[in-house]
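Structure first, commentary second.
The values are calculated or read from the model by the stated rules, or taken from the named source; none is laboratory data. Predicted model only: the values in this text are computed from it and were never measured. Here the Cβ positions follow ideal geometry from the backbone for every residue, glycine too, while neighbour counts run over all protein chains shown. For the accessible areas, the whole protein counts, side chains as well, though only heavy atoms, and no ligand, DNA or RNA atoms are used. Shrake-Rupley method; radii C 1.70, N 1.55, O 1.52, S 1.80 Å.
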Amino acid sequence: MVRLLLLPVLLWSAAALAASDDSGRVVFDYQMNCQGCHTPDGAGAGSVPAMQGHVGVFLQSQAGREYLVRVPGSATSALSDERLAAVLNWIVYEFAGDSLQSPFTPYTAAEVAPLRKHPLNEVDDYRQHVLRAIAGADARE
Amino acid sequence: MNFFDKVFEQRSRQLAQRSSRRGLLKGLGAMLVGGASIPLLPVARAAGAEGAGRPVEEGDPSSCDYWRYCAIDGFLCDCCGGSANTCPPGTEMSPVTWIGTCHNPADGRNYVISYNDCCGKSSCGACLCMRDEGDRPVYRPDKTNDLNWCLGTSSVTYHCSTAIVVGVAFDD
């Protein structure tokens, strides 16, 4: 009987583990490629901006959505398109919090591939430009 | 009676009503066999993953050949009044850090190591250790030079380096 009773528990844990397997890879990719600058909780420090509670703001405009891919940390990372898309999605789910104002359509490898071929040069200017446009659109609403 | 007992009692009663006793036993037997073999894999993996978070520790953290230092470049905090995990008193740990993976010979696994610098006092000067094995992330060439690893702390003065295990490396 004991064995039988365990069955649903085991099947449940199998499903839970399958899910955590994927997130294990994403977390590892984030740790190895991004965490050194962006810190474990996405808070950043110094010249590394906080993604925690803020990164979702960029998703309010197409230019902002593209910015998250074209920022050099993302675009020039050693990750494949697929894994970069997964890391960016993880960042949004994990760090955006209340800054995400509308339903998020996850990035895909196909979306990320052409964008990252054009890493930004004048990052700070572009970032300001994107944020001002979003703030302006908000003010007009 | 707990939840599973209840569900199973109910289920077996329904089954018993609908099928012969032999049929019930056959069904249960199949479930037992299935239950015993299929989920063994993830459970074994769960046990492995649990142990993997905590590396088996061997070696001397004040020695440059200690396993966690495979990608370190600096003074070992363990020789400076701190440890491989902590900053010496009077210094502050930088949140911005090098990340690498090191192989732990004691348990045969690879771990993600964060080399957080301790900042706020002049160079410790003891146990200089420069090992550039293991992978480090590819940094932006234009940012590497001006990215002081004591950024984000109140003082930019470098004192020593820690080597903190932050995860298990995900092998392909």
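Listed values, structure above:
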{"read-out": "Average other protein chain Cβ within 10 Å of Cβ, residues A:72-78", "value": "3"}
{"read-out": "Other-chain or far-sequence residues with amide H under 5 Å of residue B:129's (modelled H)", "value": "B:74, B:75, B:76"}
{"read-out": "Gyration tensor over alpha-carbon atoms, the stretch B:60-168, equivalent ellipsoid semi-axes in Å", "value": "21, 17, 11"}
{"read-out": "Other-chain or far-sequence residues with amide H under 5 Å of residue B:168's (modelled H)", "value": "B:112"}
{"read-out": "Backbone HN-Hα couplings from phi across the stretch B:78-90 [Karplus 6.51/-1.76/1.60, Hz, Gly and Pro as x]", "value": "4, 9, 10, x, x, 8, 5, 9, 10, 7, x, x, x"}
{"read-out": "J(HN,Hα) series, the stretch A:40-57, from Karplus relation 6.51 cos²θ - 1.76 cosθ + 1.60, nearest Hz, glycine and proline x", "value": "x, 9, x, 6, x, 5, x, 7, 8, x, 6, 8, 4, x, 9, 4, x, 4"}
{"read-out": "Normalised alpha carbon radius of gyration of the stretch A:43-106 [divisor 2.2 N^0.38 Å]", "value": "1.06"}
{"read-out": "Other protein chain Cβ atoms within 10 Å, averaged over every residue that makes up A:39-51", "value": "4"}
{"read-out": "3J(HN,Hα) from dihedral phi, the stretch B:104-121, Karplus parametrisation 6.51/-1.76/1.60, rounded to Hz, x for glycine, proline", "value": "9, x, 5, 10, x, 10, 9, 10, 7, 10, 10, 9, 5, 7, 9, 10, x, 10"}
{"read-out": "Solvent-accessible area buried by A and B, counting both chains, probe 1.4 angstrom, square angstrom", "value": "2800"}
{"read-out": "Heavy-atom SASA rank of A:100, A:68 (probe 1.4 Å, accessible area, largest first)", "value": "A:100, A:68"}
